[in-house]
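Structure record follows, encoded as structure tokens.
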Amino acid sequence: MTYFAPRRFSLNCILAGCTALSCVTLAVQTAQAQDAEPMELPSILLRYELDYSGRVDGYLAPATETGVKSGVPLSEVPQSISVVTSTELETRSPDEVENAIAYVPGINPSTWGTDDRFDQFSIRGFDMGSSALYRDGLPQKVLSFSAFSTDPFMIDRIDVLRGPAGVLYGSNDAGGMVNLVTKRPVFDRLAEGRLSYGSHNTAEAGFDWSDTISADGTMAARVTGLQRDGETEVDSSANDRAFLSGGFTWAPSDNTTFTLLGHIQRDAKTPIIMSPVAGEDFDASLGALPGDFAYRQSDYNHFKTTQESLGWELTHRFSEGLTYNQRVRFAHQETDYAHLDYTPSDATSGLTYYAFRNDEDARTIGFDNNVEWETQLFGADNSVIAGIDYQYSRSSVTQYYDGTIYTLPISDPKFDFIVTDPALSSRSRTTYRETGIYAQDHLKFANGTAVTAGVRYSWFDNEAADLLTGSTSSQSDNAATGMFGVTHEFANGLTPYIGYSEGFIQNVGTTISGETLDPSKSRQWETGLRYQPSNNLMLSGALFDLRKTNVKDYDLADRTFSSFTQVGEVRSRGFELEARGQLTADLQGILSYSYLDSEITKSSDASKLGNSNAMAPSHQLALWLDYDASAFVQGLTVGAGIRYSSDSFSTQDNGRITPSHTIADMSMTYAADNFNVNLNVSNLFDRDYYGVCYDGYGCVKGEGRIIKMSLSRQF
């Protein structure tokens, strides 16, 4: 199909609040600016989808389909939501998702310090990185130690919805969800290659290509790849990754689009290093450990994964106002994990360690089918989404652990000894199935009021099988969840809102005695105010009261951190502030602050009543600014940021504090012709801090200064 207007012109103009005259004027000016030859663009339906889930230039996304599946402007979501845009990802160049979301309010990134096994973070006081990740609206949750990790270079944007989202996404933890949006084929030519080198001998090469591949302009393809070879601060470490992702889009008409997405990935990463602290984990009179001990590990340690995924998205509009949507993904990961890990002791004869090894095979299937019906109701634009979704996961784990203890003298703690693979200890399989039916209605009145309401009913079951003894335990349950919210946009740009949402999660895992865990349920009230003084800037604030039952925590009696306990109820309440977008003609960025008051309000363990929840700092502040310095040096952009997190407890026992810390980051980009030179530095001043200090198990260092220099070219 032939068009003269840019891909996102019409919808973005409406979202930005342009008048009809200004839209027409812009269209005429755009058409006049084009060459005589027309531009080939994809179908209207596909362009509509890209506005809600595609690439975002700048620091403010105009719209989202994460909070309301039919897709709405950000201001109409009756719940806190932030979007990490394509521009932010490219500017800060994070290597992990947890680093990409570090400036989002309510997020406590890297809750377990330097730990590259998978992304870990807390949202609104709930440590849930392992259960909060989604990709393209489908679950991507950790199964045992299989995480299906995604590299930020593979994604276009990250939507962070805070608070329960059980109606739209089924089993979903209390704090919220993080939805990664995979790069999709585009119908404009895109070709980029990049090389980088950085700290700890880390070299990287990547490419990203997309273009129309059919003469009639209905097909496009995209291929993205990355190869990384490097290390971390830890001795004998690995920081290696290789992935290749591909996509194919077919848009044969204005009414149909089909996108196929797949990828393969190989990782070799470094496990977490728990390091004991004198005076905390052992008697200080026994002596001090070497200053670099927190970065020492055994050659036995490794964490290697292989993963593949394949899925598709299909959208077909049957008639004006009636559209069918389907999303499907199959994923598989194999994990080889071995660890010589610290174990608490009285340390009178030295520091004690034990070895364990996990061989894992994890598989997931997810699909979501829904129908959207757009009509007029009560004089308002009404959009109803009704659907059914299903998720299946199976994790098979063979663990080797025999309790053999290795002792290191405190005076000379070296890992220069051979660790023997322990004997087989367990072989288990955990299977989870969930089916849900849901409906959500979004009603937008001409006076600026929008009402959103939804309901879901879910059936789910969890089965744990001991493959050595042949015994099994299972639990089936169901949950009804709802949500309701109202927003009202005033002519002056102010949009107050109030919302209520519910969620649930079937806690995958077992107690130390092998019993399956009970489900958790959550509910949240939230009220907030958004202000959009311009099309490119949004200021927002939110007050919330969030409660969760049967909160899962590690059982400290299990040395392998494979068993869990649960407490009755945790309440988390507080407020968040965020400014995001274009501040001046030359300055854009993000400012966020969150205050959190978390408390265990119900527990079978009376000693925990009144304690704070784990990984829930009371205060967090983040600021990132990008300055266009072209007035001084043509093509130069300078960025800088600072992140502060206050003290927090590591467990629900509140036995140990993780100290507060402040981290600075910076970036610098120089663009000339088709080349970009990027300098990125995280932890600019190489601040020495602990990411976590765990009761009786020592501390884990936060990531030190990482410098990366990149050269990229657009072809």
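The values are calculated or read from the model by the stated rules, or taken from the named source; none is laboratory data. A quick note: this is a predicted structure, and the numbers were derived from the prediction, not measured. Here the Cβ positions follow ideal geometry from the backbone for every residue, glycine too, while neighbour counts run over all protein chains shown.
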Query raised in the report: Can you find even one residue in region 535-550 that is acidic (Asp, Glu), surrounded by 19 or more Cβ atoms within 10 Å (Cβ to Cβ) and in contact with a Lys or Arg (Cβ under 9 Å, 6 or more places away or on another chain)?
Result: no
Query - The one condition in (1) surrounded by 19 or more Cβ atoms within 10 Å (Cβ to Cβ); (2) at pLDDT 90 or above that PHE282 fails to fulfil - result: (2)
Report summary line: Within region 511-563, the residues that are of a type in the set (Gly, Ala, Ser), closer than 30 Å to SER395 by Cβ and modelled with pLDDT of 90 or more are SER522
Report task. Please identify the pairs in which a residue from region 594-614 that is assigned by TED's automatic domain parsing to the domain that holds GLY125 and closer than 19 Å to PHE575 by Cα has its Cβ atom under 8 Å from the Cβ atom of a residue that is hydroxyl-bearing (Ser, Thr, Tyr) and assigned to a loop (DSSP other than H, G, I, E, B), counting only partners at least 6 apart or on another chain. Result -> none
Report task. Hey, could you check region 675-693 for residues that are under 23 Å from the mean Cα position of the chain (by Cα) and of a type in the set (Val, Ile, Thr) and say which is farthest from ASN108 (Cα to Cα)? Result -> VAL681
Query raised in the report: Taking ALA331, is it in a strand (DSSP E or B), touching a Pro at 6+ places or on another chain (Cβ under 8 Å) and in the same structural domain as ASP421 (by TED's automatic domain parsing)?
Result: no
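One line per residue, one yes/no per condition, for (1) more than 20 Å from GLY262 (Cβ to Cβ); (2) surrounded by fewer than 19 Cβ atoms within 10 Å (Cβ to Cβ); (3) in contact with a His (Cβ under 8 Å, 6 or more places away or on another chain); (4) touching a residue at least 24 places away in the same chain (Cβ under 8 Å):
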| residue | (1), (2), (3), (4) |
| --- | --- |
| ARG296 | yes, yes, no, yes |
| THR306 | no, yes, no, yes |
| THR323 | yes, no, yes, yes |
| THR348 | yes, yes, no, yes |
| TYR353 | yes, no, no, yes |
| PHE356 | yes, no, yes, yes |
Query raised in the report: Under the condition of being among the basic types (Lys, Arg) and closer than 23 Å to LYS608 by Cβ, which residue from region 497-534 is surrounded by the most Cβ atoms within 10 Å (Cβ to Cβ)?
Result: ARG523
Report summary line: Among strands (runs of 3 or more DSSP E) entirely within region 625-715, at least 1 residues that are aliphatic (A, V, I, L, M), in contact (Cβ under 8 Å) with a residue 60 or more places away in the chain and surrounded by fewer than 16 Cβ atoms within 10 Å (Cβ to Cβ) occur in 706-714
Query raised in the report: Is region 538-551 home to any residue that is more than 24 Å from the chain's Cα centre (by Cα) and not polar (S, T, N, Q)?
Result: no
Query raised in the report: Pick from region 370-380 the residues that are part of a strand (DSSP E or B) and in contact (Cβ under 8 Å) with a residue 12 or more places away in the chain: which of them is farthest from the chain's Cα centre (by Cα)?
Result: LEU377
Requested in this report: Could you list, in sequence order, all residues of region 106-118 that are outside any loop (DSSP other than H, G, I, E, B) and not β-branched (Val, Ile, Thr)?
Outcome: ASN108, PRO109
Query raised in the report: Residues that are at positive phi and among the acidic types (Asp, Glu): which strands (runs of 3 or more DSSP E) entirely in region 500-616 hold 2 or more of them?
Result: none
Query raised in the report: Going through region 602-620 one residue at a time, which ones are of a type outside the set (S, T, N, Q) and crowded, with 17+ Cβ neighbours inside 10 Å?
Result: LYS608, ALA614, MET615, ALA616, PRO617
Requested in this report: Please state which one of ILE272, ILE264 is outside any strand (DSSP E or B) and of a type in the set (Val, Ile, Thr).
Outcome: ILE272
Query - Checking ASN108 against (1) over 12 Å from the mean Cα position of the chain (by Cα); (2) more than 28 Å from ILE388 (Cα to Cα), the condition it does not meet - result: (1)
Query raised in the report: Of the conditions (1) among the polar types (S, T, N, Q); (2) within 25 Å of the chain's Cα centre (by Cα); (3) on the phi > 0 side of the Ramachandran plot, ASN201 fails just one. Which one is it?
Result: (2)
Report task. Answer with yes or no whether ASN301 is buried (at least 21 other Cβ atoms within 10 Å of the Cβ) and either polar (S, T, N, Q) or within 23 Å of ILE410 (Cβ to Cβ) (or both). Result -> yes
Query raised in the report: Looking at region 375-390, is at least one residue under 30 Å from ASP466 (Cα atoms) and modelled with pLDDT of 95 or more?
Result: yes
Requested in this report: Considering only region 334-346, state which residues are in a loop (DSSP other than H, G, I, E, B) and either among the polar types (S, T, N, Q) or without any contact (Cβ under 8 Å) to a residue 24 or more places away in the chain (or both).
Outcome: SER345
